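Scroll down for the structure; my scribbles are underneath it.
The values are calculated or read from the model by the stated rules, or taken from the named source; none is laboratory data. Just so it is clear, the structure is predicted and the values come from calculations on it, not from any experiment. Using ideal geometry, Cβ is built from the backbone for each residue, glycine included, and neighbour counts are taken over all protein chains shown. These accessible areas exclude ligands, DNA and RNA; they are computed on the full protein's heavy atoms, side chains included. Shrake-Rupley method; radii C 1.70, N 1.55, O 1.52, S 1.80 Å.
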Amino acid sequence: MAIVPLRRMALIGELQHRDRVIMELQRLGCMHVLDQSEADRQPDGLNDLAANLKSAIHYLERTPENRPAPANAPTLLANADQRDEAKRIAAEVLQIESESRGFAEEQESVREAIKQTQPWGSFAKPTADELGGQQLYFHRLTHRQSRASQKVMQDLVAERINVDLQHEYWLVIASETPSGMPCEPEALDPRSLDQLQSRLVELDGLQEQLQVRRIALTRWLDRLRFHLAAVQDETSRMIASHRSLVDGPVFVLDGWVPQRQIKALEQFAIRNTLALRIRKPELDDQPPTLLSNPRPIAGAEGAVTFFMTPGYRSWDPTWVMYFSFAAFFAMILADAGYGIVLAVILALAAKSLGRTESGRRFRQLAVFMVAVTIGYGLLIGSFFGIAPPDGSWLDGLVIKSDGRSIMQDREAMMLVAATIGVFHLVLANAIVAWRWLGSGHALSSVGWMLALIGGWMLALAMIPKPDVMLLLSDWLGGNELGNSAADWKAAVTTGGSWILGGGLGLVLLFSSTRPVFSLRPRDWLMRLVDGVMGLTGVTKAFGDALSYLRLFALGLASAQLAIIFNQLASDAAQTKGVGLLLGLLIFLLGHTLNLVLAVVGGVVHGLRLNCIEFFSWSLTDEGQPFETFEMKAEE
């Protein structure tokens with residue numbers, strides 16, 4: 001886990017060669033360009049083209065069936081002719097999308113008109129001349145309204161057209177809107193029912209034709225993606241050009257580069273006859289943050305930067321996020337069967353996820369999360385809420401408490417969740433202490449580590465169930481050595497109290513960053529004030545540690561819902577006739593709902609425990625991401 005060391009770099013060259021230098025630098029792909037101009041102009045024309053290409057690609061990617069690229073397609077080049085062809089294809093795709101959306105809206109409107117007209121039957125409305133100045137009024141009355149309107153009907157030319165369980169349909173012929181009717185007349189579509197149904201069939205055919213054209217255009221997806229990347233590259237070059245500083249015949253391009261790329265940049269400068277100035281970051285610099293992790297771990301970088309980008313002088317929490325997020329997700333799902341379902345879904349989506357670098361990273365993270373979920377489900381013995389048979393090899397894998405799965409021992413699981421929370425926060429403070437190594441302020445984080453461990457030891461000694469002191473006595477042969485559970489309790493209580501007190505003492509003495517050996521009384525007084533303020537974090541430490549109980553609570557909720565749906569399905573299956581089908585339906589719908597809730601809870605709360613509780617203790621400096629100036633389109 002590392003934040004890549006950077007160097008501040010300035011390239012100086014002749015203005016007449018700027019465009020060529022910027023293109024070559026983009027091919028090199030290692031620089032974060034800084035803005036040295038007063039205004040950062042955006043190329044609107046290219047932005048519009050990029051937006052159209054993105055929309056077209058997104059629409060074609062959602063096509064249920066794709067066509068392969070033509071075998072005799074020309075080599076992809078970022079030239080004007082191929083770009084114009086890509087613009088034409090994108091325009092055709094967007095036109096299909098627009099027409100399809102319009103037809104879909106009209107289909108919905110026609111269906112609604114058919115639904116409204118159907119009770120009145122199929123008829124053609126007479127013309128105004130045929131009606132001789134009269135008009136047709138269509139009234140949909142409830143049976144009660146119909147009975148109450150009989151006297152009004154007697155004075156009108158009215159006919160009941162249809163009757164159903166809820167309404168009666170009356171047609172009134174009059175020169176003006178009838179008065180005394182209990183409701184306003186309906187405004188029917190001017191087309192007849194036959195015409196509406198014919199139009200609906202016609203629209204279905206038009207939609208099918210558009211779908212055929214859409215499928216045919218999917219063979220150009222690679223071309224559209226290439227030209228989108230080419231347009232984005234050109235946009236980036238224009239922005240980089242605008243960000244350069246111009247002084248007469250000379251331009252300066254300023255930015256940050258990884259230290260490992262210095263030799264490549266020196267060779268680049270020699271080839272292009274450029275002056276190159278490189279220096280280390282200074283205290284007042286704010287370099288961007290470039291994370292670098294092994295490929296299997298890199299998927300967790302997105303989970304870290306989703307909340308915040310670590311500051312350049314901070315540390316990279318990707319490895320911690322990788323393991324802790326997967327573990328928390330597994331504890332909340334709490335079922336091996338659900339893990340297997342997620343594995344199947346991931347296998348089906350693997351190909352589509354492999355199309356992009358971000359998708360491949362997410363796939364690697366998801367594979368690990370699914371594997372940990374299945375492993376945890378095996379350890380607690382839950383397969384869609386069903387425990388493995390006693391004595392089976394699967395039952396042998398289950399961690400048990402008093403002869404049953406530990407998941408059914410609520411007190412034990414609460415202790416496990418709280419213990420995970422304590423040592424997760426201990427790890428956070430250990431990292432901070434390591435970062436402050438050599439400074440007295442590091443002892444403040446050491447103090448919090450000791451305080452958390454001391455408080456945890458006191459809790460172990462005090463809780464009545466599970467009786468950890470009795471377990472310690474049994475495991476370590478306490479009775480044979482003359483150490484009873486009471487002796488263990490006294491020793492752990494005493495040790496925990498001293499550790500807790502010592503930790504809080506370190507917090508009091510070393511929370512301040514003021515000089516330790518100052519001769520000024522004011523510094524000593526302010527150090528004491530800072531220490532007292534630091535001690536107010538006791539409530540935060542206590543609350544953050546208890547926040548990890550959500551791992552137990554959500555995991556228990558998921559497990560109990562699974563058991564409840566199994567029981568409901570079993571009861572329904574006992575019904576004669578359709579019982580088996582009904583039971584299967586309840587089982588599938590119930591577990592699907594529970595799986596969705598568990599996945600959402602696992603992601604949200606897994607991220608929350610890392611990004612809120614853990615980061616608040618270990619990662620307080622936020623930075624800006626390193627934006628690599630690189631070429632995306634490869635000819």
### Task
Enter the Cα centre distance for the pair segment 253-306 and segment 486-502, rounded to the nearest angstrom.
50 Å
### Query
Which whole-number percent gives the relative contact order of segment 315-618, counting Cα pairs below 8 Å spaced six or more residues apart?
23 percent
### Task
Could you list which residues have their amide H under 5 Å from that of Thr142, counting only those 5 or more apart in sequence or on another chain, with H placed in the peptide plane?
Glu168
#### Entry: Convex hull per residue volume in Å³, alpha carbons only, for segment 126-187
84 Å³
### Task
For Ala343 and Thr305, calculate 0.36 nm times their separation in residues minus their Cα-Cα distance, and state this gained length in nm to one decimal.
11.1 nm
### Query
So what's Rg/Rh here for segment 364-426, counting alpha carbon atoms and using the Kirkwood radius for Rh?
1.03
## Note on the structure
Result row for the chain, helices from DSSP H with C-alpha axial extent 24 Å or more and mean Kyte hydropathy at least 1.6, is 336-353, 442-462, 579-608
### Task
For segment 550-606, state the semi-axes of the equivalent ellipsoid (square roots of 5 times the eigenvalues of the alpha-carbon gyration tensor), sorted largest first and rounded to whole angstrom.
28, 11, 4
### Message
Counting only protein heavy atoms and a 1.4 Å probe, tell me what percentage of segment 307-445's accessible area is made up of carbon and sulfur.
### Response
69 percent
#### Entry: Percentage relative contact order, the chain, counting C-alpha pairs under 8 Å, at least six apart
20 percent
### Query
Is it possible to state the helix-based mean residue ellipticity at 222 nm for the chain, with each DSSP H run of 4+ residues giving -39500 (n - 2.57), the sum divided by total residues, to the nearest 500 deg cm²/dmol? What is it?
-20000 deg cm²/dmol
### Task
Specify the longest stretch of the chain that does not include any exposed loop site, a site being one of the trypsin sites (Lys or Arg not before Pro) with a non-H, G, I, E, B DSSP assignment and at most 10 other Cβ atoms within 10 Å.
63-575
### Message
Below 8 Å between Cα atoms, with a sequence gap of 6+, how large is the relative contact order for segment 136-230 in percent?
### Response
29 percent
### Task
Would you list, by chain and number, the lysines whose Cα falls below 30 Å from the Cα of Lys87, excluding same-chain residues fewer than 8 positions away?
Lys54, Lys351, Lys632
### Message
Between Ser109 and Ala128, what is the label-point separation in nm under the 7 Å Cα-to-beta-carbon projection?
### Response
2.3 nm
### Summary
Computed from the beta carbon distance with a Förster radius of 35 Å, FRET efficiency for Asp81 and Thr356 to the nearest 0.05 stands at 0.80
#### Entry: Whichever lysines have a C-alpha closer than 28 Å to that of Lys280, once near sequence neighbours (fewer than 8 apart) are set aside
Lys263
### Projected-area average for the chain over all orientations - Cα convex hull basis, square nanometres
50.7 nm²
### Summary
The Kirkwood hydrodynamic radius of segment 315-618, taken as the inverse of the mean 1/r over all distinct Cα pairs, in Å, comes to 22.2 Å
